Amino acid sequence: MNRSAHAYWLRSPGHGEIREVTLPEPGEGDVVVRALWSGVSRGTETLVFRGGVPHSQYEVMRAPFQEGDFPGPVKYGYLSVGVVEEGPAELTGRTVFCLYPHQSRYVVPASAVTPVPSRVPAERAVLAGTVETAVNALWDAAPLIGDRIAVVGGGMVGCSVAALLARIPGVRLQLVDADPARAKTAEALGAGFAAPADALGDCDLVVHSSATEAGLARSLELLRPEGTVVELSWYGDRKVTLPLGEAFHSRRLTVRGSQVGTVSPARADRSYADRLALALDLLTDPALDALITGESGFEELPALMPRLASGEVPALCHRIRYRDSFAVPRRSRRG
């Protein structure tokens, strides 16, 4: 079995490279996975690429199989889909999802991979980690039939949340974003769309995911009295000012944080594995393909990441495809 692989590393903020690596010998209970696809979650991964993770969050922000440390050199990522080449008989040959960085082959414990349901295409399964975040957010938010809901911020997480909320009967749902191009995405997901100034108010629930101060302030404005904002944004090392001196207290508004690192207390009987398996089951819906907005080869990642970080390449989830072998530029090789 081929024990060589290639991995994408952030050498230093703003500078990535592909390194050649040798896989460890798999132990009992391990699997060897050959990557088919991975996904770049633009919000979090470009923040890491820019070196925007605050020192106080270095440990909190670690990905499950991260190598190195922030701000770099670091191997970071968490949306990988591949085929098990070696391992237990019940997994060998199966397509699986793993919270692994961008790497062509890797060795992990069998418990770290989740089989992809046969009805879910492998290329769509890269969304599992983000849909899992949306599942946790909805467990925290507890939306009800007939609720008036806005999702402010049409990035990858916000669109995933909107896709799940659109399945609830009777909801009035708007995806709110400053980019008019998100209207087409909202339509594909079964949600309405509005620019921030035109969004419908009197909301029972607002899910905020724009990672902007203006977006969070607008989220509060859209609430009915005693309504709730569920905050999903990750601001990194940026400070955020919130207008709590206006009608916040008199209208008895709530801002509640939600973060995928912990299973929602509302579902304390569920495990991380249960939550991820549910996310993969939800990916049978082809409407979620609207979240994948581009595709590149793995060998293109060092040149692609600066363009994603700058916004030159607009993206929700940018999908990365792998081949069994490829030419790696000589300047990018590492032993």
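Worth a mention:
- The set of residues in segment 267-311 that are farther than 21 Å from Gly155 by Cβ, over 18 Å from the mean Cα position of the chain (by Cα) and of a type in the set (Gly, Ala, Ser) comprises Ala268, Ser271, Gly297, Ala303.
- Residue in segment 230-237 that is exposed (fewer than 14 other Cβ atoms within 10 Å of the Cβ) and of a type outside the set (Val, Ile, Thr) present: yes
- Subset of segment 3-55 (residues that are of a type outside the set (D, E, K, R), surrounded by fewer than 18 Cβ atoms within 10 Å (Cβ to Cβ) and over 21 Å from Pro115 (Cβ atoms)): Ser4, Ser12, Pro13, Gly14, His15, Thr22, Leu23, Pro24, Gly51, Pro54, His55
- Within segment 216-258, the residues that satisfy the criterion of being touching a residue at least 40 places away in the same chain (Cβ under 8 Å) and in a loop (DSSP other than H, G, I, E, B) are Leu222, Leu232, Ser233, Trp234, Gly236, Asp237, Arg238, Ser258.
- Filter pass, Ala290 being of a type outside the set (Ser, Thr, Tyr) and modelled with pLDDT under 95: no
- Within segment 174-202, the residues that satisfy the criterion of being assigned to a loop (DSSP other than H, G, I, E, B), within 20 Å of the chain's Cα centre (by Cα) and under 18 Å from Val230 (Cβ atoms) are Asp177, Ala191.
- Complete set of residues in segment 289-318 that are under 23 Å from Pro117 (Cβ atoms), buried (at least 19 other Cβ atoms within 10 Å of the Cβ) and out of contact with any helix residue (DSSP H, G or I) (no Cβ under 6 Å at 6 or more places or on another chain): Ile292
- Selected residue (criterion: farthest from Gly261 (Cα to Cα)) from residues of segment 112-137 that are hydroxyl-bearing (Ser, Thr, Tyr) and touching a residue at least 12 places away in the same chain (Cβ under 8 Å): Thr114
- Per-region count, segment 66-98, residues of a type outside the set (S, T, N, Q), farther than 20 Å from Met305 by Cα and surrounded by fewer than 20 Cβ atoms within 10 Å (Cβ to Cβ): 9
- Residue in segment 203-215 that is closer than 23 Å to His249 by Cβ, assigned to a helix (DSSP H, G or I), without any contact (Cβ under 8 Å) to a residue 60 or more places away in the chain and not aromatic (Phe, Trp, Tyr) present: yes
- Matching strands (runs of 3 or more DSSP E) fully within segment 101-157 where at least 3 residues are surrounded by 23 or more Cβ atoms within 10 Å (Cβ to Cβ): 148-152
- Condition check for Ala277: among the small types (Gly, Ala, Ser) and either farther than 29 Å from Thr293 by Cβ or surrounded by fewer than 11 Cβ atoms within 10 Å (Cβ to Cβ) (or both): no
The values are calculated or read from the model by the stated rules, or taken from the named source; none is laboratory data. Every value quoted in this text rests on a predicted model; they were computed, and no experiment measured them. Here Cβ is always computed from backbone atoms with ideal geometry, including for glycine, and neighbour counts include all displayed protein chains.
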